[in-house]
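Structure first, then comments.
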Amino acid sequence: MGEGELRLVQQALQGDIDAWGEIVRRYKSAVYGVALGILGNPADAEDIVQDAFIRAYENLHRYDLKRKFSTWLFTITANLCKNKLRRERFFAPLKGLSQIRGGEDPAETVAREERCSRVQEALQELDEKYRTPLVLRYYSDLEYKEIAEALGIPEGTVKTRIHRGKQALKHWLEAKGVIESAR
C-alpha cells in the first residue's frame, strides 16, 4: 500500500471523514467494476458499491494495515455480490462495460459491441465460482494471490477456476459462432 494511501486509512481510522471520502473517490470505479462484472446489473452494482463502502467503513478497525487495501475492499465487494447472488439467484447479462471510442468506423464499433455483448452473455452463463475469479482477474486486474485472498480459497484453486472458466467461455462462444473453432 502506498504511503499516501496508508495515511488516508490511518486518518479515516481516527474519524477523519474527508480522508474516508478520498478513499471512496479513489476506489469507487474499481469497486463498481467488480460488482458489475459479478452481478451484471448496473443498479445492483451501484447498491453493492454503497454497501461495500459502508461495510468497509464499519469494519475499518479490523483492516490489517499490512495488507493491500484494494484487496481487502474487493474481498468485501465480492462477498456482498456472492451473498446477493445466493439470495436472489440473479443472472442478468452484463451491460455497460465496453466504451465507444470517437472516430471509429461505425461498423467496427457495432461489431465490437456485439462481440462484447456476446462475451458478457457467455460470462453470465458461467457458474459463479468461475465467473468471480475471471472478473477479478480480467476486469479488476488482480493477481492470483490477491484473488485467492479476496475469495478465501487457495491460489491453485484460483488458477484452476480461471483456466476452467476460460475454457467454458471459449466453448460457449464457439458453439454460438462468435469465435471460430480452433479444431
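The values are calculated or read from the model by the stated rules, or taken from the named source; none is laboratory data. Being a predicted model, the structure only gives us computed values, none of them experimental. Don't worry about glycine lacking a Cβ; one is built from the backbone with ideal geometry, like all the others, and counts go over all protein chains shown.
Computed quantities for the displayed model
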{"item": "Condition met for L151 (under 16 Å from G37 (Cβ atoms) and in contact (Cβ under 8 Å) with a residue 40 or more places away in the chain)", "result": "yes"}
{"item": "Of all residues making up region 129-147, the number that are surrounded by fewer than 16 Cβ atoms within 10 Å (Cβ to Cβ) and at pLDDT 85 or above", "result": "3"}
{"item": "Failed item in (1) modelled with pLDDT under 65; (2) out of contact with any Pro (no Cβ under 9 Å at 6 or more places or on another chain), with K95 passing the rest", "result": "(2)"}
{"item": "Residues of region 118-147 satisfying the condition of being closer than 18 Å to A30 by Cα and not in a helix (DSSP H, G or I)", "result": "Y139, S140, D141, L142, E143"}
{"item": "Count - residues of region 1-27 that are touching a residue at least 24 places away in the same chain (Cβ under 8 Å), out of contact with any Ser or Thr (no Cβ under 8 Å at 6 or more places or on another chain) and not aliphatic (A, V, I, L, M)", "result": "3"}
{"item": "Helices (runs of 4 or more DSSP H) completely within region 1-65 that count 3 or more residues being modelled with pLDDT under 90 and either farther than 22 Å from L80 by Cα or within 12 Å of the chain's Cα centre (by Cα) (or both)", "result": "3-13, 17-39"}
{"item": "Residue in region 154-183 that is surrounded by the most Cβ atoms within 10 Å (Cβ to Cβ), counting only those that are in contact (Cβ under 8 Å) with a residue 24 or more places away in the chain and outside any helix (DSSP H, G or I)", "result": "V178"}
{"item": "Condition check for T109: modelled with pLDDT under 70 and assigned to a helix (DSSP H, G or I)", "result": "yes"}
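Results for (1) under 22 Å from Q11 (Cβ atoms); (2) touching a residue at least 60 places away in the same chain (Cβ under 8 Å); (3) in contact with a His (Cβ under 8 Å, 6 or more places away or on another chain), shown as yes or no for each residue.
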residue: G33; (1), (2), (3): no, yes, no
residue: N41; (1), (2), (3): no, no, no
residue: D47; (1), (2), (3): no, no, no
residue: D51; (1), (2), (3): no, no, no
residue: R55; (1), (2), (3): yes, no, no
residue: N59; (1), (2), (3): yes, no, no
residue: K66; (1), (2), (3): yes, no, no
residue: N79; (1), (2), (3): no, no, no
residue: N83; (1), (2), (3): no, no, no
